[in-house]
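> Pasting a structure below so you can have a look.
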Amino acid sequence: MASRNQNRAPRSPFSKKSSLDEVPLDKRRRIETRKPEVPSSMGRQRPPLAVVKQDAAGTSDIGSVEGSECANVEFTKEEVEALLIEKLKVKKFDHKGKAEQLADYSKRLKLCIKWLQEVGEGHILEEEKLRNALASAEKKSADTEVEMKNKVDELNAVNSKLRENIATLEEKLAKEESEKLDAIASHRSEKEARAAAEKLQASLSQKLEIVREEKLVADKKVSSYQDLYNRAQEYNKSLQQYNSKLQKDLETATESLKRVEDEKRTVLETLSNLRVHNKALQDELTKVTASLDETLKQKELLDNEIKCLRGELQQVRDDRDRHAREIQDLRDQVVKYKENTEMSCEELDRLMRKSKALEERDSSQKQEIDTLRHELNAANDKLKMVSQSASETLTEFEEHKRIVQELQNRLAESELQILEGEKLRKKLHNTILELKGNIRVFCRVRPLLPDDANATDAPVVSYPTGTESLGRGLDLVQSGQKFNFTFDKVFHHETSQQDVFVEISQLVQSALDGYKVCIFAYGQTGSGKTYTMMGRPDAPEQKGLIPRSLEQIFQTSQALQAQGWKYKMQASMLEIYNENIRDLLCTGRSSSADLSKIENGVCGKQYTIKHDANGNTYVSDLTIVDVCNINQISSLLQQAAHSRSVGKTHMNEQSSRSHFVFTLRISGINENTEQQVQGVLNLIDLAGSERLSRSGATGERLKETQAINKSLSSLSDVIFALAKKEDHVPFRNSKLTYLLQPCLGGDSKTLMVVNISPDSSSVGESLCSLRFAARVNACEIGIPRRQTSMKPADNRLSYG
């Protein structure tokens, strides 16, 4: 407040309104001009009352004010009391105003005192009060003056500081003026640049006119596309509704998948425990079986002993009976001799001795018979115990056998639940990938061949056994360092062609449902791409993905005839050789066609890749064949395989020297609902990447290798651009990528099968292939769109 008041001009004490004006209106009144009665003691008459005013023109100095106002001003009791109780109203820190009000207040008090002195002795007490008030007011005024002096000193100090601030501000102002001069100079340069820009604008305006003319042409095209856009919007709305429904289904399926995974984990734990328990029961069963066999052997031995003992007992009984008969005969003879008395004493003694001997022998045989009876009873008891133990062992064996059977049943049920959960997981995984729009990637490892250079070395490829990475993970070892990769599916070297096809069968089915499907094999030369896609024609169980997919297409289409569906299928096959398209079904081409004619096209035709507004791709002048059964397709595949370019290198005796593309366009119509679907199935066998240092290619093979590596490098550039979501994707850098543009950047269901070799000498190429496959798996190409309509389909062949 001090700094704010010190810059204010000093006010004159006479320019201030009287403090009497600040008295409330109910306490202030005008005094009428009348002659009041004066007490007799005063000896004179009171002058009439006048209005108390303090104007700037009314006071020039204190003496004149006192003289004039004393003659003209009178006070009432209320006014005197109001003057005594009056409080000064000033702003905080406004000491000058306060001093002015105190001076004015002091003057009015003096006027009042003088008026009271003139009033008379009746007002002596009031006069004393007024004097006291005057003394206090003067004291206050003196104190205020002291305070004002202090404040003035403070204000002077602040003023000096402000002057210093002004000096610094002046320096800043000088700097700003110099900067202003610099700005003026830069303004001049900008003015010159503006003139140049105006000239440039004139030239650009001319170009703008040209662009506007082009815009008119484009507007005409836009008007033609507007109807198509409106239809696309309607379809987009239906697709959004379907997408929301699919999201809900996905949430429920995700929850069920979690439950299935928990159940799977529990079942696996139970399965492991059951296996341990089963193993223990098997061991115990083996022991029990061994003890049972030993018991049965002992039983047989005891049976044999019992039979021997029974035979001996029967023989002893026979001997005893024979001896008894002999004794009886002898006794009869003795009686007869006694009766006849002709027998001599000696003969009688001899007979008596013989009789005694026979009796002793009979007693000994009786004892032996008793001993044999005891042994027979003991053997019978032992046989009973063995029989009881054998029956108990047999009962326990049956119980264990029943438990083993129950465990095997539970194990079968658990394995069935695991298979069902795995199927559900695959289905949900495919749904999630379709919603994400990612390219699916499968990895297949071929087995080691006898011709591999390091077939006896330690394996460079291993497969994790964790729950999450089982069947999806792969580890590659290079120079002692392990690299981990995870794909949608990993096939080890023992996986059969049928097992691989089972994993892609649902994707092939999507082509019949009206989707664009693309499956292509990628990898270095000699890694098994052509075997995966084509297989071996001489071994039906080793058929590749292409013939198996076509068999499924025809079988399913025949099964759908019962639902009113009729399908029309068109096939074409081409190869991209040295960045030129060759028609493999051209009738004018022989198997040993001269490759020098490629530059001018095969069969005298020029093949051009074209894209239409609907995202479909066509190849002009390409041979298209209507196919009705699998036998016709098989003959076409044999013709194409016979015409495809194949060469020999150091790495592969039959190396594919071109990119093979098989396309099957499917047009289906339901006679009951009049719904029509258009699906496209692209099956591609890419040529293998190779290093010149290992393949040893020269001459024509060298040109082929350079063309193959260039096209695969262009494919890598496209994948990197898609992974980074760049605005420009270089599809036109090669004919391969331009042909695959709808599959890589459109609304197609795309699957890449990366093939690698487990040979330690090829670990570098395998690592490059796996890294490229991981980058491909991370690409998002959009949500697949089903092509359905109620109108007749276009008969041209589309590559999706």
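The values are calculated or read from the model by the stated rules, or taken from the named source; none is laboratory data. Not measured: the values here are computed from a predicted model. Note that each Cβ is placed from the backbone with ideal geometry, even for glycine, and that neighbours are counted across all protein chains shown. The accessibility values were calculated without ligands, DNA or RNA, using every heavy atom of the protein model including side chains. Shrake-Rupley method; radii C 1.70, N 1.55, O 1.52, S 1.80 Å.
> Could you pull out every residue, at least 5 positions away or on a different chain, whose amide H is within less than 5 Å of the one on Phe442? Hs are placed 1.01 Å off N in the peptide plane, and Pro or chain starts have none.
Hits under the 5 Å cutoff: Met752, Val753, Val754.
> Once all Cα-Cα distances of the range 248-389 are split into 5 Å bins that start at 0, what whole-number percent is in each one?
Pairs per bin, as whole percents: 2, 7, 10, 9, 7, 7, 6, 6, 5, 5, 5, 4, 4, 3, 3, 3, 3, 2, 2, 2, 2, 1, 1, 1, 0, 0, 0.
> Still on this model: Please turn the phi angles of the range 537-543 into ³J(HN,Hα) values with the Karplus equation 6.51 cos²θ - 1.76 cosθ + 1.60 (θ = phi - 60°), one per residue in order, whole Hz, x for glycine and proline.
For the range 537-543, the Karplus-derived couplings read x, 7, 10, x, 6, 10, 5 Hz, x marking Gly and Pro.
> Taking each pair of different alpha-carbon atoms in the range 250-304 once, compute 1/r for the pair, average those values, and report the inverse of that mean as the Kirkwood hydrodynamic radius in Å to one decimal.
About 14.8 Å for the range 250-304.
> Now for a different question. Could you give the length gained by full extension between Gln706 and Glu300, i.e. 0.36 nm per residue of separation minus their alpha carbon distance, to one decimal place?
137.8 nm
> Taking K and R as +1 and D and E as -1, what net charge do the other residues with C-beta under 12 Å from the C-beta of Glu192 add up to?
Numbers: positive: Arg188, Lys191, Arg194, Lys199; negative: Glu190, Glu198.
Net of charged neighbours comes to +2.
> Calculate the spin-label point distance for Ser713 paired with Gln315, positioning each point 7 Å from the Cα along the beta-carbon direction, and give it in nanometres.
10.4 nm
> Please give the peptides 149-160, 760-771, 190-201, 465-476 ranked by average Cβ packing (other Cβ atoms within 10 Å per residue), highest first, as a rough proxy for protection.
Numbers: 149-160: 12.9, 760-771: 19.2, 190-201: 10.4, 465-476: 14.5.
Descending mean neighbour count gives 760-771, 465-476, 149-160, 190-201.
> Can you compute the modelled spin-label distance between Lys279 and Lys307, with each label point 7 Å from Cα toward Cβ, in nm?
So the label points at Lys279 and Lys307 sit 4.4 nm apart.
> For the range 510-589, what is the Kirkwood hydrodynamic radius in Å, using each pair of distinct C-alpha atoms?
Roughly 15.3 Å, rounded to one decimal.
> I would also like to ask the following. Quick one: Karplus J couplings for the range 704-719, per residue in order, coefficients 6.51, -1.76, 1.60, θ = phi - 60°, nearest Hz, x for Gly and Pro?
Whole-Hz 3J(HN,Hα) from phi for the range 704-719: 4, 4, 5, 5, 5, 5, 5, 5, 5, 5, 5, 4, 5, 4, 5, 5.
> Now for a separate question. Based on Cα positions only, what radius of gyration and what Dmax would you give for the range 85-221, in angstroms?
Computed over the Cα atoms of the range 85-221, radius of gyration and Dmax are 38.4, 116 Å.
> Going by average Cβ neighbours within 10 Å, how do the peptides 534-542, 678-686 rank, with the highest at the top?
678-686, 534-542
> Another question about this same structure. Could you list the square roots of 5 times each eigenvalue of the Cα gyration tensor of the range 156-297, that is, the equivalent ellipsoid semi-axes, sorted largest first and rounded to whole Å?
Details: eigenvalues 1555, 384, 68 Å².
Semi-axes, largest first: 88, 44, 18 Å.
> Out of Asn755, Cys779, Thr705, whose Cα points farthest toward the positive end of the dipole of the range 699-788 (charges: +1 Lys, Arg; -1 Asp, Glu; placed on Cβ)?
Farthest towards the positive pole: Cys779.
> While we're looking at this one, here's another question. Quick one: accessible area per residue over the range 102-220, 1.4 Å probe, rounded to a whole number of Å²? Can you show the working numbers first?
On the way: 9160 Å² over 119 residues.
Normalised by residue count, the accessible surface of the range 102-220 is 77 Å².
> According to a simple spin-label model (label point 7 Å from Cα along Cα-to-Cβ), what is the distance in nm between Asn670 and Glu118?
If labels sit at Glu118 and Asn670, their model points lie 12.2 nm apart.
> Output ³J(HN,Hα) for the range 287-295: one whole-Hz value per residue in order, computed from phi by the Karplus curve 6.51 cos²θ - 1.76 cosθ + 1.60 with θ = phi - 60°, and x for Gly and Pro.
Each residue's phi maps through the Karplus curve to give 4, 5, 4, 5, 5, 5, 4, 5, 5 Hz.
> Length gain on complete extension for the stretch Ser141 to Leu372, per 0.36 nm per residue less the alpha carbon to alpha carbon distance?
67.4 nm
> What is the Å³ per residue value for the convex hull set by the Cα atoms of the range 222-284?
That works out to 101 Å³ per residue.
> Separate question: So, by mean Cβ neighbours within 10 angstrom, what's the order for 559-569, 634-644 with the highest one leading?
So the peptides 559-569, 634-644, ranked by packing, come out 634-644, 559-569.
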